[in-house]
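Undergrad: Sending over a structure as structure tokens; questions will come in a sec.
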Amino acid sequence: MDKGELQTYMLIKDAWKNGKTVYVPRCVGQNDMQMVRLEGQDDLDSLPRNKWGIPEPATDRAAVDPLLLDFIVVPGVAFDREGNRCGHGRGYYDRYLAKATNAFTCAVCLSDQVLDQVPADEHDKKPDIILAPLGILYKN
């Protein structure tokens, strides 16, 4: 379901093609997020949809330790050239990234998502890099 965010389906397929292990997020309760390994295309296609219509692994599947992840694609609704990002306002990724300290974080966005300024608070985590259609928008 496209809500103005870049869809990552092709990134996932390319990662598998290149022998990478892929994890996708699962929201747990009001404040927590976990990453769960996808076993392949059939697994991705069969994920149940959550209340927002987003495919999400079931709660009975094991989550990975955030410290074991080395690369995380970070979604967002809006981005700016200072590295700020705005999600959907619940802070799931900000809290998760605070635990996934070994991961390089990469946000990808559409041109329409780039703003002059995105409001940010002290708890907001900037990605290491933000990629836009015309190139690198931000690099830490």
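Every number here is computed from the coordinates shown, using simple stated rules; none is lab data. Fair warning: this is a prediction, and the values are worked out from it, not measured in the lab. Heads up, the Cβs are rebuilt from the backbone with ideal geometry, glycines too, and the neighbour counts pull from every protein chain shown.
Undergrad: At 222 nm, what value in deg cm²/dmol follows for the chain if DSSP H runs of at least 4 each add -39500 (n - 2.57) and the sum is divided by all its residues, to the nearest 500?
TA: So the helix-based figure for the chain works out to -4000 deg cm²/dmol.
Undergrad: When you take every Cα atom in the range 55-110, what is the radius of gyration, and what is Dmax, the widest Cα pair distance, in Å?
TA: According to the Cα coordinates of the range 55-110, Rg and Dmax are 12.5, 39 Å.
Undergrad: Let me ask something else about it. Any idea how far the Cα center of the range 80-140 sits from the one of the range 26-42, in Å?
TA: About 20 Å separates the Cα centre of the range 80-140 from the one of the range 26-42.
Undergrad: Pull up the DSSP beta bridges for the chain and report the antiparallel fraction as a percent, rounded to 5.
TA: Of those bridges, close to 65 percent are antiparallel.
Undergrad: Arranged from highest to lowest average of other beta-carbon atoms within 10 Å per residue, in what order do the peptides 49-59, 109-119 appear?
TA: Sorting 49-59, 109-119 by mean packing, highest first, produces 109-119, 49-59.
Undergrad: Any idea what Rg and Dmax come out to for the range 23-140 if you just take the C-alpha atoms, in Å?
TA: In Å, with Rg to one decimal and Dmax whole: 14.6, 42.
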